[in-house]
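Everything on this sheet refers to the single structure shown next.
The values are calculated or read from the model by the stated rules, or taken from the named source; none is laboratory data. In this text the structure is predicted, and so the values were computed from the model without any measurement. A quick note on method: Cβ atoms are made from the backbone with ideal geometry, for glycine too, and the neighbour counts reach across all protein chains shown. All accessible areas refer to the heavy atoms of the entire protein, side chains included, with ligands and DNA or RNA removed. Shrake-Rupley method; radii C 1.70, N 1.55, O 1.52, S 1.80 Å.
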Amino acid sequence: MPLVLDPTAQDLLFREAHTANAFTDEPVTDEQVQAIYDLVKYGPTAFNQTPLRITLVRSPQARERLVGHMAEGNQAKTATAPLVAILSADNEFHEELPTLFPAFPQAKDAFFAERPVREGSAALNAALQAAYFIVGVRAAGLAAGPMTGFDAEGVRKEFLDDDHTPLMVVNIGKPGENASYPRSPRLEFEQVFTTV
Ligand SMILES: Cc1cc2nc3c(=O)[nH]c(=O)nc-3n(C[C@H](O)[C@H](O)[C@H](O)COP(=O)(O)O)c2cc1C
């Protein structure tokens, strides 16, 4: 087999894993979230800029405020998931660059002095980290329900500030009854790959 990862782990992370729309009541602990982060923080980003920031929505009041900004079809599951996280991109990530990329500390001023450049780079690299996070949630034996169906400006004003751009809201927990839709088709290798 060309893949060296244990087949059980392959199933847990990808083949058997589904986006979840319903969850059991089992809580998701801070210890689980920390373990997930301590694994997925090693996923690569450009210049090691790691622009993803995560807001855990724990209090009932905060949950209610968030649900008000979700698209109608996303409200019920966001209201009842054991844990909800707001994933955002930090557009001022360059402040940490001299520490995060000691090999070339000048990168902060040489490449990221302009805010529009930072916003583009933060959007791409935080999205990469969001994907690592979703896979990390699965590695913890949990399921993720990522959503972009929400009022981003409303969420930004309610929970973040001008320097942070909301990317997605992720419901997290053990999948409940009928948690997922049947698997939709994926593109075949030949449809995706071109060799030149
Ligand atoms: C970035 C992103 C945004 C999504 N937004 C929504 C959403 O707003 N509402 C929703 O019900 N599902 C949303 N989904 C779920 C996708 O439809 C789902 O992950 C995809 O169909 C694959 O399903 P599967 O994991 O069961 O194969 C989103 C998924 C991702 C990765």
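Here are the numbers for the structure shown:
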{"quantity": "Label-point separation, Ala139 to Glu153 (7 Å along Cα→Cβ), nm", "calculated": "3.8 nm"}
{"quantity": "Most to least accessible of Leu39, Leu56, Leu66 (protein chains only, probe 1.4 Å)", "calculated": "Leu39, Leu56, Leu66"}
{"quantity": "Lysine pairs in the stretch 10-176 with Cα atoms under 24 Å, if 8 or more residues apart or on separate chains", "calculated": "4"}
{"quantity": "Residue-normalised accessible area of the stretch 10-176, given per residue in Å² at a 1.4 Å probe", "calculated": "49 Å²"}
{"quantity": "Longest exposed-site-free window of the chain, the sites being GluC sites (Glu not before Pro) in a DSSP loop that have at most 13 other C-beta atoms within 10 Å", "calculated": "17-113"}
{"quantity": "Nearest-10 value in Å² for the accessible area of Met168, using the 1.4 Å probe", "calculated": "30 Å²"}
{"quantity": "Cβ-defined net charge surrounding Leu160, 11 Å radius [Lys, Arg +1; Asp, Glu -1]", "calculated": "-3"}
{"quantity": "Accessible surface of the stretch 10-176 [probe 1.4 Å, protein heavy atoms]: carbon and sulfur percent", "calculated": "56 percent"}
{"quantity": "Residue among His69, Ala152, Pro82 farthest towards the positive dipole end of the stretch 10-176, charges placed on Cβ", "calculated": "Pro82"}
{"quantity": "In nm, spacing of pseudo-spin labels at Met1 and Ala110 (7 Å Cα→C-beta vector)", "calculated": "4.3 nm"}
{"quantity": "The chain - share of DSSP beta bridges that are antiparallel (%, nearest 5)", "calculated": "100 percent"}
{"quantity": "Charge sum, other residues only, whose C-beta stays under 10 Å from Gln49's C-beta, Lys/Arg counted +1 and Asp/Glu -1", "calculated": "0"}
{"quantity": "Longest exposed-site-free window of the chain, the sites being trypsin sites (Lys or Arg not before Pro) in a DSSP loop that have at most 16 other C-beta atoms within 10 Å", "calculated": "59-182"}
